[in-house]
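Heads up, the thing below is written out as structure tokens.
What follows draws every value from the coordinates through simple rules; no lab data is involved. All values derive from a computational prediction rather than experimental measurement. Using ideal geometry, Cβ is built from the backbone for each residue, glycine included, and neighbour counts are taken over all protein chains shown.
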Amino acid sequence: MMDRPRTYQADILAIDDTPENLQLLSQLLTDRHYKVRSVTKGKTALRAAQAAPPDLILLDINMPEMGGYEVCERLKAEDITRDIPVIFISALGETLDKVRAFKVGGVDFVTKPFQVEEVIARIETHLQICRLRRQLQAQNVRLEQEIRDRRQAQETFSKAFRSSPSPITITTLEGGRFLEVNPSFLKLSGYSRGEVIGFRVDELNLGLDMNRYRERRERLEQSGALHNWEFDLRTKSGHVRTVLLSVEEIELQGYRCALAIANDITERKRLENEFISLVSHELKTPMNSMIGALDLLGTGQLGSLTAQGQQMIDMAINNAERLVRLVNDILDLERMKSGTLTLQPKLCDLPYLFQQAKTVMQTMAQAAQVTLIVEPADVQLWVDGDRIQQLLTNLLSNAIKFSSAGGTVYMSAQLENVEDHQTVEGQPQIPNPQLHRSTDPSSTLHITVRDQGRGIPAEKLTLIFERFQQVDTSDARAKGGTGLGLAICRQIVQQHQGQIWAESVVGGGSTFHVVLPLMSALNEGSIAIDDATSD
Ligand code: ADP
């Protein structure tokens with residue numbers, strides 16, 4: 001049953017053995033919208049208070065059978081009535097034992113004959129104190145519950161944090177400093193707690209690309225969470241583990257922090273890549289024989305075709321060739337990443353490499369009515385010539401593909417000092433154009449491939465180096481690309497310990513920069529790839 005809303009100010013129990021007094025009190029209080037219950041005996045008063053505890057009790061001291069002090073003592077002895085404020089009533093001239101009155105639990109006194117305003121003021125004061133005390137108690141109960149809940153949540157979190165099989169880290173958002181890591185992270189990374197806590201992520205050699213790290217941090221700040229961020233983590237012993245990160249922004253001791261939970265997917269990736277390679281291999285042979293058959297049909301040697309039939313054959317050849325390119329790109333990339341495709345570095349002439357790339361791309365440029373201008377530097381460099389050739393043709397092919405008829409594509413190279421490429425705030429700098437014709441082993445070669453084509457929006461400039469990332473989803477179909485070219489370029493450049501990045505003005509063209517060390521640390525013979533690439 002629902003309680004009826006109160007229409008009175010407070011429920012008051014008045015106890016006095018003189019009915020006239022009670023009458024007077026009752027009238028006085030009822031006029032002011034109090035609900036009054038009146039009793040003339042102590043015992044009845046105790047029963048009434050227990051049956052329905054009032055908000056306040058007015059209690060006469062001198063009563064036969066059970067006096068006011070004893071009634072008060074009994075009220076204070078019971079839980080249900082203990083907290084009800086008791087105001088004693090004493091007649092003027094009666095001796096009032098104030099010490100005893102307070103000792104038994106009274107809170108105040110009023111004297112007969114009553115001063116109406118005084119009686120009301122005292123009643124209101126004690127009712128107010130009582131209300132406040134109740135509010136405080138309720139608040140305390142709430143707070144205690146909140147503290148209990150929080151403590152429990154904290155304990156649950158720390159237990160999950162400590163025993164989680166997934167590596168977990170907490171870093172400050174601002175400086176990327178490790179505040180806490182769990183045992184699984186230490187196991188995965190190979191570092192000890194002391195080598196991690198208090199250090200910044202870039203102070204440990206975790207294989208993070210700091211440009212991309214900053215970009216992800218900005219995204220985290222904007223959206224509060226990041227999911228499925230795949231990157232290759234370099235362990236203390238130099239091994240590379242592929243992890244899938246989920247990051248949430250949290251607040252810890254007033255600091256904005258990043259809570260990162262990792263999943264080690266190295267094995268899964270390996271199996272996945274193996275599967276892709278296997279399927280791609282299996283596709284290659286039938287695809288090539290299909291192209292052969294289509295070519296043969298196209299020549300008309302097996303019977304002449306209608307113009308429409310010829311058109312269909314050309315389209316089929318085009319698409320089949322695109323599929324073969326895709327399969328080859330997938331295989332190349334996976335072999336590079338898995339380390340099965342190793343570098344074969346040799347001393348190579350840059351003018352020769354440039355000329356070769358130009359020759360390979362010339363037909364495509366002519367078909368697109370694009371002029372190719374190539375200006376090599378007269379240097380030799382210690383690289384895998386075939387891979388650099390692949391890099392240059394990929395960049396040229398893109399530049400031509402995304403140019404309009406009548407446009408020009410420039411490929412040039414300059415020798416520079418390594419200091420020219422120090423990064424400021426992690427952004428690769430446009431190098432100092434001052435040239436050094438130097439044999440200094442710290443010299444670098446800066447290659448640029450510039451076009452006047454449609455350009456690339458700023459937010460895609462780093463994304464396009466990821467696998468299957470295209471500015472426009474129709475690019476693959478419309479331009480015959482695979483979405484893997486730049487991922488391969490990045491892999492090749494990283495294998496050569498270089499840097500690659502793009503600059504662009506939408507509608508005004510793009511420039512791709514590659515910086516390679518002239519005398520890289522690449523040793524003669526084959527070199528396994530161990531670089532982080534997919535973060
Ligand atoms: P694709 O095979 O599609 O060319 P890439 O990895 O080589 O794959 O390039 C990825 C995407 O980057 C392209 O689809 C295109 O959207 C964009 N892109 C690359 N180079 C250029 C360029 N020179 N001008 C404009 N967009 C480019």
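Between V324 and D472, the FRET efficiency from the beta-carbon distance, with R0 = 30 Å, is close to 0.85. Full extension of the chain between K187 and Q23 yields a length gain of 50.7 nm, computed as 0.36 nm times the residue separation minus the alpha carbon distance. Annotation note: GluC sites (Glu not before Pro) in segment 91-151 located in DSSP loop regions with a Cβ neighbour count of at most 14 within 10 Å are E94.
Would you work out if segment 233-285 is rounded, prolate or oblate? Take a ≥ b ≥ c from the square roots of the eigenvalues of the alpha-carbon gyration tensor; rounded if a/c is under 1.5, else prolate when a/b is larger than b/c, oblate otherwise. Cα axes put segment 233-285 in the prolate bin. Volume per residue for segment 218-341 equals 148 cubic angstrom (convex hull of Cα atoms). Comparing V505, A225, A91 along the charge dipole axis of the chain, the residue lying farthest to the positive side is A91, per the Cβ-charge model. Counting pairs of alpha carbon atoms under 8 Å apart in space and at least six apart in sequence, what relative contact order in percent does the chain give? Computed value for the chain: 9 percent relative contact order. A simple spin-label model places pseudo-atoms 7 Å from Cα toward Cβ; at E70 and L204 they are separated by 7.8 nm.
Shape class for segment 59-127: oblate, because the ratio a/c of the largest to smallest gyration tensor axis (alpha-carbon atoms, square roots of eigenvalues) is 1.5 or more and b/c is at least a/b. The simple Förster model, with R0 at 45 Å and r as the Cβ-Cβ distance, assigns M315 and T462 a FRET efficiency of 0.80. According to the square roots a ≥ b ≥ c of the eigenvalues of the Cα gyration tensor, what is the shape class of segment 100-143, taking rounded for a/c under 1.5, prolate for a/b larger than b/c otherwise, and oblate for the remainder? Judged from the Cα gyration tensor, segment 100-143 comes out oblate (a/c at least 1.5, b/c at or above a/b). Of all DSSP beta bridges confined to the chain, the antiparallel ones make up roughly 70%. Cβ-to-Cβ counts within 10 Å put E251, E321 in ascending order as E251, E321, the fewest first. Exposure proxy for S504, S404, S304: other Cβ atoms within 10 Å of each Cβ, ordered fewest to most, give S304, S404, S504.
What ranking do L343, L29 get, fewest neighbouring Cβ atoms within 10 angstrom at the top?
L343, L29
Note on I276 and E146: with the Förster distance fixed at 56 Å, the Cβ-Cβ geometry gives a FRET efficiency of about 0.60.
Estimated purely from DSSP H runs of n ≥ 4, each contributing -39500 (n - 2.57), the mean residue ellipticity at 222 nm for the chain is -14500 deg cm²/dmol once divided by its residues.
Contour minus end-to-end for R82 and S412, with contour as 0.36 nm per residue of separation and end-to-end as the Cα-Cα distance?
Full extension from R82 to S412 adds 109.4 nm.
Straightening the chain between T342 and Q139 buys 66.1 nm, computed as 0.36 nm per residue apart minus the Cα-Cα spacing.
Length, then width, then depth: along the principal axes, the Cα atoms of the chain run 131, 62, 42 Å.
From the cross-link list K159/K187; K35/K98; K284/K346; K337/K479; K284/K358; K187/K236, which pairs have alpha carbons spaced over 19 Å apart? Long pairs (Cα-Cα over 19 Å): K35/K98; K284/K346; K337/K479; K284/K358.
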